[in-house]
Amino acid sequence: FAMGAGVDKLLRRTDLAPHVRIVRLTDAGMAQQMTEYCLYGVLHYQRQMDRYARQQRERQWNPLDTRLARDVRVGILGLGELGGKVAQDLARLGYRVAGWSRRPRDIASIRCLHGDAGLRELLPETDALFCVLPSTPETRHLLDAELLALLPADAALINAGRGSLIDEMALLARLDAGLLRFALLDVF
């Protein structure tokens, strides 16, 4: 039984007998944890804690504008069991939530996009991008330089999905150029 969402390495093992069944629990309490992790990152973005931390290091105090939840556009990559729950939880808190998956989804109160065109539509309309995608051949480096460039310059990236989703060199280049506010990485 796999208690977490990341089973990619387990599936590649060659020392398991063919008759051994592998079971992935679809939640096991992780959906609430994902909501909390995403909310932490979104609040960090919304309340500009990254900018206040920079000011603190520079011994400055310049009050910044306050944004309300309704003013923050959250994009979620992955609308399965975990991502769908996160999307609904954040929408209930007043955030403007849209999500993307490879195939069509229908989640109450959530604008659901899918496929390549849907991803290209979602990214430019996203302030905080939350990723909760698995590691598959289709998701490897999904967020490459071209797609990261579609995010607004002031956007934040919050990754709770597999690290292989992001082209790390492309991410570092965007951060170094000041074209992405910050990245919060759980798995890399």
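The values are calculated or read from the model by the stated rules, or taken from the named source; none is laboratory data. What you are looking at is a predicted structure, and each value in this text was computed from that prediction instead of being measured. Neighbour counts run over all protein chains shown; Cβ positions are idealised from the backbone, glycine included. We work out accessible area using only protein heavy atoms, side chains counted, and drop any ligands, DNA or RNA first. Shrake-Rupley method; radii C 1.70, N 1.55, O 1.52, S 1.80 Å.
Name the single residue, out of those in the stretch 151-173 being closer than 14 Å to CYS131 by Cα and among the small types (Gly, Ala, Ser), that is surrounded by the most Cβ atoms within 10 Å (Cβ to Cβ). Among residues in the stretch 151-173 that are closer than 14 Å to CYS131 by Cα and among the small types (Gly, Ala, Ser), the one surrounded by the most Cβ atoms within 10 Å (Cβ to Cβ) is GLY161.
Output the number of residues of the stretch 110-150 satisfying the condition of being closer than 15 Å to GLY41 by Cβ and open to solvent by less than 10 Å² (accessible area, probe 1.4 Å).
Keep residues of the stretch 110-150 that are closer than 15 Å to GLY41 by Cβ, which gives 126-132.
Then keep just the ones that are open to solvent by less than 10 Å² (accessible area, probe 1.4 Å); that gives 126, 128-131.
Total meeting the criteria: 5.
Count of the stretch 39-87 residues, restricted to those that are open to solvent by 10 Å² or more (accessible area, probe 1.4 Å), farther than 15 Å from ALA156 by Cα and touching a strand residue (DSSP E or B) at 6+ places or on another chain (Cβ under 8 Å), is 2. Screening the stretch 29-57 for residues that are in contact (Cβ under 8 Å) with a residue 12 or more places away in the chain and part of a loop (DSSP other than H, G, I, E, B) and picking the one that is nearest to ARG181 (Cα to Cα) gives GLN48.
Apart from one condition, VAL74 fits all of (1) modelled with pLDDT under 90; (2) under 24 Å from LEU119 (Cβ atoms); the exception is (1).
From the set of residues in the stretch 121-169 that are in contact with a His (Cβ under 8 Å, 6 or more places away or on another chain) and either closer than 27 Å to ARG70 by Cα or among the aliphatic types (A, V, I, L, M) (or both), which is modelled with the lowest pLDDT? Within the stretch 121-169, the match that is modelled with the lowest pLDDT is LEU165. In the stretch 174-188, what residues are open to solvent by 60 Å² or more (accessible area, probe 1.4 Å) and touching a residue at least 60 places away in the same chain (Cβ under 8 Å)? The answer is ASP186, and nothing else. Would you be able to say whether some residue in the stretch 167-180 is of a type outside the set (Asp, Glu) and part of a strand (DSSP E or B)? Within the stretch 167-180 (the criterion being of a type outside the set (Asp, Glu) and part of a strand (DSSP E or B)), the answer is no, since none of the residues qualifies. Counting only helices (runs of 4 or more DSSP H) wholly contained in the stretch 58-149, the ones carrying 2 or more residues that are closer than 21 Å to TYR37 by Cβ and in contact (Cβ under 8 Å) with a residue 24 or more places away in the chain occupy 81-92.
Would you confirm whether or not the stretch 138-145 contains a residue that is closer than 17 Å to ALA31 by Cβ and of a type in the set (Ser, Thr, Tyr)?
No: zero hits.
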